[in-house]
Every structure is written in C-alpha cells, then in structure tokens.
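Notes to accompany the following structure.
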Amino acid sequence: MALPKYHSKAYKKSIYGPNYDDFDLDNITASKEQRDNYEITKTFLGSGATADVYQGKKLDTGEDVAFKMLRSKFLKRFEYECKITNVVKDGPFIVKTHDFLYDKEKDETALVLQYLGHCTDYEELWPTLTPRDVKRYILQLLIGLDYAHSKGVIHRDIKPENIAFDTKKK
C-alpha cells in the first residue's frame, strides 16, 4: 500500500496557507542596514549538504545567532526553506529564525537562526545520556514534529544530524 505524498504540490495551498505564492526572494532581499546589523564570527558550527553554519552576533542586541549560509546553487531550496521556516516559527522545540538575508550582488544567502550554544554532536552525546535524557529528547522532538504537522509541514529528513541537542537546557 502506497502512502500519500503530503509534501506534493497538490497540497501546497493547504500546507502553507494563502501567502505561500506571495513569498519570494525579492521580498526578503536584505537592505545594507539589515545586513550590517549582523556579524559572522567565523566560528564554524557545522556543515550539511546544502549549507555551512557559523556563529555570529546580532549587533544591535549583542545576541549570539547562527548563520546557515546556503550554497548559491541551492537558491530555490533557500526560498522553500524560508517559506517553511516562516510557517513553523512559533513552534516549541523548533529552532527560531531571526531573519532571512539575501544579497544578490554578493550572491550570499543566509538564514539567521537562534544560537543554542555549542550543541553537542550526537555521536559524542549518545554515550553520556541516561534513559531519562533519551526520553526527554524524544519527547521534545515529538512535540516539535507534532506542531509542524499541525501546520501541515512534514519534515521528511529526521535523523540525528538534523537535531540540535542543547545539552545545557536538556
């Protein structure tokens, strides 16, 4: 029996709401002032198939942030990720998005995300976890996924590498 593809284009309107098609990169092109409000400290936090993540700072508040710097060949995926991030931005146990930065002239794209501190890699973390810790992390993951599902968003790539383990807050 085949499962329905909830991520298909047929569901696009119901998943993302009436403003889905109105969201495009031109609407999130960052002004110079907006870009100048951030500084990348060049502390490398991690890497994935489409992006590298660096620590940074929001200069007007002094708040630490994380920059998910997308590779330019994934520009369409960046637009898609911005749309989804906007839908689930208020969810529990979901990394908060502060800003979307896109600079056509420099060909740079970034999501400015909540910085959780130096999140431990799951391979380092796993041996130190108690059964109670595992239950807590799984419950938090399920709460976040339930929220995303309630908004019509299906993650499709749940794996330890895509989970930020904040060991300070557990």
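The values are calculated or read from the model by the stated rules, or taken from the named source; none is laboratory data. As the structure is a prediction and not an experimental result, all values here were calculated from the model. Note: ideal-geometry Cβ built from the backbone for every residue, glycine included; neighbour counts use all protein chains shown.
Within region 63-78, the residues that satisfy the criterion of being part of a helix (DSSP H, G or I), surrounded by fewer than 19 Cβ atoms within 10 Å (Cβ to Cβ) and of a type outside the set (Ser, Thr, Tyr) are Lys73, Phe74, Leu75, Lys76, Arg77. Going by the conditions given, is Val134 of a type in the set (A, V, I, L, M) and out of contact with any Lys or Arg (no Cβ under 9 Å at 6 or more places or on another chain)? Yes; evaluated as a whole, the condition is true for this residue.
All of Arg132, Arg136, Arg71 fail the test of being within 17 Å of the chain's Cα centre (by Cα) and either basic (Lys, Arg) or farther than 25 Å from Thr43 by Cβ (or both), apart from Arg71. For the criterion of being within 22 Å of Phe44 (Cβ to Cβ) and touching a Ser or Thr at 6+ places or on another chain (Cβ under 9 Å), Asp157 fails. Of all residues in region 84-113, which are more than 17 Å from Gly144 (Cα to Cα) and of a type outside the set (Asp, Glu)? If the condition is that a residue be more than 17 Å from Gly144 (Cα to Cα) and of a type outside the set (Asp, Glu), then His98, Phe100, Leu101, Tyr102, Lys104, Lys106, Thr109, Ala110, Leu111, Val112 are the ones that fit. Restricting attention to region 20-49, the residues being among the aromatic types (Phe, Trp, Tyr) and modelled with pLDDT under 80 number 2. One residue is enough: does region 70-81 have a residue meeting the conditions in contact (Cβ under 8 Å) with a residue 24 or more places away in the chain and in contact with a Gly (Cβ under 9 Å, 6 or more places away or on another chain)? There is no residue in region 70-81 that is in contact (Cβ under 8 Å) with a residue 24 or more places away in the chain and in contact with a Gly (Cβ under 9 Å, 6 or more places away or on another chain). Reported count of residues in region 81-96, each being surrounded by fewer than 18 Cβ atoms within 10 Å (Cβ to Cβ) and either among the basic types (Lys, Arg) or assigned to a strand (DSSP E or B) (or both), is 2.
If you check Leu116, Leu101, Leu125 for being more than 18 Å from the chain's Cα centre (by Cα), aliphatic (A, V, I, L, M) and either assigned to a loop (DSSP other than H, G, I, E, B) or at pLDDT below 85 (or both), only one passes: Leu125.
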